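One structure is given here, and the rest of the page talks about it.
Read the figures in this text as sums done on the coordinates, not as results from a lab. Since the model is a prediction, treat every value here as computed from it, not as a measurement. All Cβ positions, even for glycine, are placed from backbone atoms using ideal geometry, and neighbour counts span all protein chains on display.
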Amino acid sequence: MILKYFEFNKLNFEKNKLILVYGANDGLKNEFINSFISKLNIEKTIKFDEKEILTNDQIFFDEILSKSFFDDKKIIQVNRSTDKLLKVLENVINKITEEIYIIINSEQLDKKSKLRNKFEKEKNLVCIPFYADNNETLSKLSSSFLKERNINISQSNINLLINKCNGDRGLLKKELEKIQFFSVSKKKITSEVLNKLTNLIENHSITKLIDYCLAKNQKKTIDILNDNIYTNEDCILIVRTFLRKAKKILKLSEEYNKNKDINLTIDSAKPPIFWKDKEITKEQLLKWSPDKIRELIYTIFDLELNIKKNINNSTNLIRNFILDKSKLNINN
């Protein structure tokens with residue numbers, strides 16, 4: 001069964017125990033999941049990554065089948081899910097009790113996805129797509145947020161902020177909260193101040209590092225790695241920036257695969273690509289097919305998990321990953 005994200009009231013909490021949420025709009029997905037948890041008033045949420053379940057599915061089965069005298073209900077959330085999870089889910093669909101709800105969280109799934117098709121066709125399964133917000137929606141969200149808090153920012157600066165967030169509602173919210181905190185001092189928020197407040201969206205050297213890596217320009221990639229000393233905290237930022245860039249290239253790559261016109265793809269991109277970034281974006285599109293960029297996204301997920309488990313070795317993990325991905329491979 002397919003629902004839109006705002007059709008929350010159509011959910012039947014007695015029957016709809018298994019819900020698939022998919023799409024690029026992570027911010028809106030998180031809002032929906034939080035609303036879902038709040039509506040059910042469930043305190044216990046168990047989170048898995050798909051890779052954990054595929055490595056050892058028994059931990060997933062045990063969590064579904066186990067009961068507790070202290071917890072009336074619980075939500076199990078599986079993140080970064082793909083079609084690989086479908087076989088596992090088919091073994092538990094008929095074993096879900098009334099005390100358990102399962103949320104399957106996925107990135108963008110195309111129409112051929114077996115996981116998506118399963119949830120769309122089954123009556124008691126729910127499939128909810130979360131498409132990227134356009135600039136108009138993000139502008140309204142920003143204006144509403146700022147107006148409620150009596151924060152005065154010009155529309156041009158709001159547009160600047162939105163463009164930096166690349167359609168990510170969750171990131172936009174975090175940056176607006178930074179502005180709210182700064183505004184307590186009643187300082188005027190100029191373009192210069194705004195740039196300083198939001199400079200962590202994408203550090204300049206990090207942006208260039210990832211751009212050259214995706215363009216398979218290993219010489220310049222190595223130059224940037226050698227010119228900068230990255231901290232453990234920087235490594236997390238690099239991973240998240242890499243993921244945002246990769247998702248953006250995937251969207252463009254899929255469009256280019258359809259129209260076969262690279263200039264049309266670049267010129268019609270939303271949000272618009274700045275003129276100074278057009279050439280390197282073209283290089284990236286020519287180096288990565290949709291299938292390869294999807295594989296890259298999955299490896300970035302794995303990299304993030306590995307870094308969190310081995311934070312003291314994060315700089316080496318990042319460096320090795322970037323050097324490997326910047327190699328020119330004719331199979332890409």
Which of the peptides 252-263, 149-160, 100-111 is most tightly packed, and how do the rest follow, going by the mean number of other Cβ atoms within 10 Å of each residue? 100-111, 252-263, 149-160
Length gained, Gln180-Asn232, 0.36 nm per residue minus C-alpha separation, equals 16.0 nm
Simple Cβ-charge dipole of the chain, Lys/Arg +1 and Asp/Glu -1, about Cα centre, in debye nearest 20: 560
Dipole magnitude of the stretch 217-328 about its Cα centre (Cβ charges: Lys, Arg +1; Asp, Glu -1), debye to nearest 20: 180
Sum of -39500 (n - 2.57) over DSSP H runs of 4+, divided by residues of the chain (222 nm, nearest 500): -17000 deg cm²/dmol
Taking +1 at the Cβ of each Lys and Arg and -1 at the Cβ of each Asp and Glu, which of Tyr5, Phe321, Asn124 sits farthest along the dipole of the chain towards its positive end, judged by Cα position relative to the Cα centre? Tyr5
Which one, Asn306, Thr241, Ile266, projects farthest toward the positive side of the charge dipole computed for the stretch 204-325 from Cβ point charges (K/R +1, D/E -1)? Ile266
Measure up Lys258/Lys292; Lys216/Lys258; Lys4/Lys309; Lys51/Lys178 against 26 Å on the Cα-Cα distance and list the ones that go over. Lys4/Lys309; Lys51/Lys178
What's the FRET efficiency of Leu65 with Arg319 using the Cβ-Cβ distance as r and R₀ = 51 Å, to the nearest 0.05? 0.75
Net lengthening on full extension, Glu295/Lys47 (0.36 nm per residue, minus Cα-Cα): 87.0 nm
Interchain or sequence-distant (5+) residues whose placed amide H lies within less than 5 Å of the amide H of Asp49 are Asn79
Starting from the Cα-Cα distance between Asp83 and Lys260, subtract it from 0.36 nm times their residue separation and give me the gain in nm to one decimal. 60.9 nm
Candidates Ser183, Ser205, Ser66, ranked by Gaussian network fluctuation over the chain, Cα under 10 Å, top entry: Ser66
Which FRET efficiency value, to the nearest 0.05, do you get for Asn56 and Lys308 by plugging their Cβ-Cβ distance into 1/(1 + (r/R0)^6) with R0 = 25 Å? 0.85
